Amino acid sequence: MKQGITVFRAIVLTLGFAFLYIPIASLIVYSFNESRLVTVWGGFSTKWYGALFRNEQILNAAWLSIKVAVLSATLAVVLGTLAGMVLARFGPFKGRTLLSGLTTAPLVMPEVITGLSLLLLFVTMEQLIGWPAGRGMTTIVISHITFTMAFVTVVVQSRLSQMDDSLEEAAMDLGARPHKVFFLITLPIIFPALLSGWLLAFTLSLDDLVITSFVAGPGSSTLPMVIFSKVRLGVSPDINALATILVVIVAIGALVAGIFTARQKKIRDRDAQMALAANQQMIESLKKG
């Protein structure tokens, strides 16, 4: 079968990228629009960025969203890593199917059902033990950990299942304790997967609207909730400015993560080649001896 870029593939690829990125590009262009009407170009201006940074409602919501995303992503990586290691390394055990189902259920569960069930859980807990007292940042963080942990578990489990166990076995044969093997051997190898899981969990938490709407209380509106409430009344130019800033931040984060991952891959490949060369030299010296 003939491989390569054909005219049809090039057209489909171009149309696909255009469908995805032309709306984003137009949003960025109109964030510098002088006119208040987002569909009428009135000249170049940066005044809407100034208006955005003077809007305390948006700034407070953005700061809350960032704090929630950082906390939930970090805790989701810790719990997801533990769950991924159990599923990837412990083999068959009693309750494995249940654990696997519980950790992956949020992947297929509708967000409306997840949000409603978490709301009922928090209300019941407050009535029984008095915690959490109302809905706010704490309930949002717990809810985001619940559904982002599933994504981290899948990423870490996949990476651990592809990892060569002989590296850990060799370290333990040399006298390393299990915890030292984990921190010096396992953790550096799976770190790109942990970074990918953290970025994925951070993005999902920062972007979530449905679940957050159920578990957020007065004074704890996140950025997606504020944007959604404003968009329902019509898109304003300061929302375009906010979206542009978010696009730039996400693009920079993806670029940095990509560069870091590529650099780590080069280091791993170089170390593997050096180890292979050392083994070959050892084998040749043994044969000569």
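Listing for the model above:
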item	result
Unmet criterion (only one of (1) closer than 20 Å to Ala69 by Cα; (2) buried (at least 19 other Cβ atoms within 10 Å of the Cβ); (3) in contact (Cβ under 8 Å) with a residue 60 or more places away in the chain) for Gln157	(1)
Considering residues of segment 58-80 that are out of contact with any Leu (no Cβ under 7 Å at 6 or more places or on another chain) and closer than 10 Å to Leu223 by Cβ only, the residue surrounded by the most Cβ atoms within 10 Å (Cβ to Cβ)	Val68
Criterion: exposed (fewer than 14 other Cβ atoms within 10 Å of the Cβ) and either under 21 Å from Phe260 (Cβ atoms) or modelled with pLDDT under 85 (or both) - qualifying residue of Gly197, Gly130, Gly175	Gly175
Residue selected from segment 71-99 under the condition within 19 Å of Ala193 (Cα to Cα) and of a type in the set (Gly, Ala, Ser), by the criterion nearest to the chain's Cα centre (by Cα)	Ala73
Filter pass, Val226 being modelled with pLDDT under 85, under 24 Å from Glu56 (Cα atoms) and either more than 15 Å from the chain's Cα centre (by Cα) or in a helix (DSSP H, G or I) (or both)	no
Criterion: in contact (Cβ under 8 Å) with a residue 12 or more places away in the chain, in a helix (DSSP H, G or I), out of contact with any Asp or Glu (no Cβ under 6 Å at 6 or more places or on another chain) and among the basic types (Lys, Arg) - qualifying residue of Arg268, Arg263	Arg268
Residues satisfying the stated conditions in segment 87-144, i.e. among the basic types (Lys, Arg) and in a helix (DSSP H, G or I)	Arg89, Arg96
Yes/no for Leu107 being modelled with pLDDT under 95 and touching a Lys or Arg at 6+ places or on another chain (Cβ under 7 Å)	no
Filter result (exposed (fewer than 11 other Cβ atoms within 10 Å of the Cβ), at pLDDT below 80 and among the basic types (Lys, Arg)) within segment 233-289	Lys287, Lys288
Top-ranked residue in segment 77-108 [being among the hydrophobic types (A, V, I, L, M, F, W, C) and free of Cβ contacts under 8 Å to residues at least 12 places away in the same chain; ranked as farthest from Ser161 (Cα to Cα)]	Val108
Among (1) at pLDDT below 90; (2) in a helix (DSSP H, G or I) - the single one Ser65 does not satisfy	(1)
Filter result (of a type outside the set (Gly, Ala, Ser) and closer than 19 Å to Leu79 by Cβ) within segment 156-172	Val156, Gln157, Arg159, Leu160
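The values are calculated or read from the model by the stated rules, or taken from the named source; none is laboratory data. Note that the structure is a prediction, hence the values are computed from the model and not measured. Cβ atoms come from the backbone with ideal geometry, glycine included; neighbour counts cover every protein chain shown.
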